[in-house]
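Visitor: I am attaching a structure below and will ask some questions about it afterwards.
Since every read-out is calculated from the coordinates, none of them should be taken as a lab result. The shown structure was predicted, so the numbers you read here are calculated from the model rather than taken from an experiment. Don't worry about glycine lacking a Cβ; one is built from the backbone with ideal geometry, like all the others, and counts go over all protein chains shown.
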Amino acid sequence: MSEIESSYYDVIVVGGGPIGSKTASLISKAGLDVLVIEEHQKIGSPLQCAGIVSTRIEELAYDNLPILNRIKGGKIISPNSTISLRSDSNKALVLDRQKFDTGMADKAMDAGSSISTGSRFIGMEHSGEKVTASIKHGGITQQISSKLIIGADGPYSNVRDANDLPLPQEYLFGMQTEVPLSTLPDLIRDEVEIYIGNHVSPGFFTWLIPTDDNVRIGLCTSGGKYPKGFFYSFLKKLGIMDEISTINSGSIPLGLIDRNYSDRMMLVGDAACQVKPLTGGGLVYGLMCARHCADTAIASLESDRLNKDHLKIYSDLCMDTIGKEIKQALLLRKIFIGLDDNELDEIIHILGDEDLSRFLISRGDMDFPSIASKAVFRKFPKLIKFAPHLLKAFL
Ligand SMILES: Cc1cc2nc3c(=O)[nH]c(=O)nc-3n(C[C@H](O)[C@H](O)[C@H](O)COP(=O)(O)OP(=O)(O)OC[C@H]3O[C@@H](n4cnc5c(N)ncnc54)[C@H](O)[C@@H]3O)c2cc1C
């Protein structure tokens, strides 16, 4: 899993994260030669994820996922109000993210992809019928060519920058740790807790996610506020500072990028901002778009039409699948970040209505929340007062 054996491939995928591996795997299955390059020595490391996903992941990823826990509901807690939602069925899964990433890479190799770890993409050039990537491996820079290059290289994509494609509208900054479940005896084993409030995690939320014997505690912030102070003060409040050993951190890109392609290149996953703006989850959207990216790659290589006018079809497919949802979620996010703590309390209080809780449990979709939001605004028009000019779009 580490040497680059050829100087020419049909496709180079930059980034051996789950979305790069999925894309590579689908393209290899069509009989094409794929090289995945990953800058880290070990797939799935360092860990930068809470690992909570909807059950939809089971159709999108692979069989026998490394599932640590199944979640039936949770609480959303604002400074002075709480709403509890609980279903009889599993609503989300908690993954062992490192094993998940390794599993995705194994599937790509089983399908025929080559994966070179410890290999960093540092630039690319177009020349005629090919693109040539400069790849640094073991202190040596190699030139590897392909017909097509796919940037699956995460939030700060170098492939995106090398092609002057648009940046995310904003980045969330996150920190997370894991402590034994026994240190938080009141936490319900199959429920998550989400804390919102400008003194807790401005611009986003704090999470408690039970795994098997542990609980993941993390938060993200935005708007130029860094998470460290908020993170430590939350851990102190929980009285668990002595339990902390490892802390990981990472960024989440948010925005709607439709220009995720250029001549002989496409972006997928976090590199293309295929992330849910309300929760920061990128696995499900990334995997959905990996399918579009691979289908477009296979068809375009077959017809030898790899110019940007033709690859636009990939962007159209992504927009059809997640574009409208991202747009509406960005609107809701805009409203959320403008709310003060009293307004957050008031909203949580309104959403605590029993009928509404039942509706959210039965009809809410954690990957496509705007569908339920529409019904919520129709049922509770008083919510519109929080942003009348913006929320009209939902009526
Ligand atoms: C704190 C935090 C919590 C999160 N929690 C969740 C969650 O609960 N659920 C969820 O669905 N999502 C969550 N996410 C988001 C999720 O982690 C990402 O959406 C997901 O990892 C995207 O996968 P990807 O393959 O596109 O990118 P990545 O997983 O970032 O993989 C990109 C890969 O590219 C490699 N790379 C980068 N640059 C280069 C280069 N120049 N050359 C070679 N390789 C390169 C990187 O090393 C990396 O392995 C969270 C993110 C953070 C930061």
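Visitor: Can you find even one residue in the range 107-120 that is within 11 Å of the ligand (Cβ to nearest atom), among the charged types (D, E, K, R) and in a strand (DSSP E or B)?
Guide: Yes: the range 107-120 contains one or more residues that are within 11 Å of the ligand (Cβ to nearest atom), among the charged types (D, E, K, R) and in a strand (DSSP E or B).
Visitor: Moving on to the next point. How do the strands (runs of 3 or more DSSP E) wholly within the range 151-236 filter down when requiring 1 or more residues that are of a type in the set (Ser, Thr, Tyr) and away from the ligand (no atom under 13 Å from the Cβ): which remain? First the steps, then the outcome.
Guide: Details: elements: 170-180, 191-195, 206-210, 214-221.
It comes to 191-195.
Visitor: On to the next question. Report yes if SER25 is within 21 Å of the chain's Cα centre (by Cα) and hydroxyl-bearing (Ser, Thr, Tyr), otherwise no. Walk me through it before giving the result.
Guide: Values: within 21 Å of the chain's Cα centre (by Cα): yes; hydroxyl-bearing (Ser, Thr, Tyr): yes.
In short, yes.
Visitor: Let me ask another. Kindly state which helices (runs of 4 or more DSSP H) lie completely within the range 292-395 and contain at least 3 residues that are within 30 Å of LYS147 (Cβ to Cβ).
Guide: 308-318
Visitor: Restricting the search to the range 285-310, which residues are surrounded by 23 or more Cβ atoms within 10 Å (Cβ to Cβ), of a type in the set (A, V, I, L, M) and touching a Ser or Thr at 6+ places or on another chain (Cβ under 7 Å)?
Guide: Within the range 285-310, ALA290, ALA294 meet the criteria.
Visitor: Under the condition of being in contact with a helix residue (DSSP H, G or I) (Cβ under 7 Å, 6 or more places away or on another chain) and touching a residue at least 40 places away in the same chain (Cβ under 8 Å), which residue from the range 56-72 is nearest to the ligand (Cβ to nearest atom)? Step through it out loud before you land on a result.
Guide: Let us first name the residues in the range 56-72 that are in contact with a helix residue (DSSP H, G or I) (Cβ under 7 Å, 6 or more places away or on another chain), namely 56-57, 60-62, 65-66.
Right, trim to touching a residue at least 40 places away in the same chain (Cβ under 8 Å) and you get 56-57, 60-62.
Numbers: ARG56: 11, ILE57: 8, LEU60: 11, ALA61: 11, TYR62: 15 Å.
Step by step, filter the range 56-72, then rank; the result is ILE57.
Visitor: Among all residue pairs at least 6 apart or on different chains, which show Cβ distances below 9 Å where the first residue, located in the range 247-258, is more than 15 Å from PHE231 (Cα to Cα) and the second is away from the ligand (no atom under 13 Å from the Cβ) and among the hydroxyl-bearing types (Ser, Thr, Tyr)?
Guide: If the second residue must be away from the ligand (no atom under 13 Å from the Cβ) and among the hydroxyl-bearing types (Ser, Thr, Tyr), the pairs left are ILE257/SER315; ASP258/SER315.
Visitor: Go through (1) within 20 Å of the chain's Cα centre (by Cα); (2) charged (D, E, K, R); (3) surrounded by 17 or more Cβ atoms within 10 Å (Cβ to Cβ) and name the single condition LYS99 misses.
Guide: The number of the failed condition is (3).
Visitor: Could you list, in sequence order, the residues of the range 277-291 that are small (Gly, Ala, Ser) and either assigned to a loop (DSSP other than H, G, I, E, B) or near the ligand (Cβ under 8 Å from one of its atoms) (or both)? Talk me through it step by step, then tell me what you get.
Guide: Narrowing the range 277-291 to residues small (Gly, Ala, Ser): 280-282, 286, 290.
Correct list: GLY280, GLY281, GLY282, GLY286.
Visitor: Still on this structure, I have one more. Being closer than 23 Å to LEU306 by Cβ, in contact with a strand residue (DSSP E or B) (Cβ under 7 Å, 6 or more places away or on another chain) and not in a loop (DSSP other than H, G, I, E, B) narrows it down to one residue among ILE37, ILE77, ILE19; which is it?
Guide: Working: ILE77 fails: closer than 23 Å to LEU306 by Cβ; ILE19 fails: in contact with a strand residue (DSSP E or B) (Cβ under 7 Å, 6 or more places away or on another chain).
None of the other options fit; the residue is ILE37.
Visitor: Looking at (1) in a loop (DSSP other than H, G, I, E, B); (2) small (Gly, Ala, Ser); (3) within 14 Å of the ligand (Cβ to nearest atom), which is the one condition that is false for SER89?
Guide: (3)
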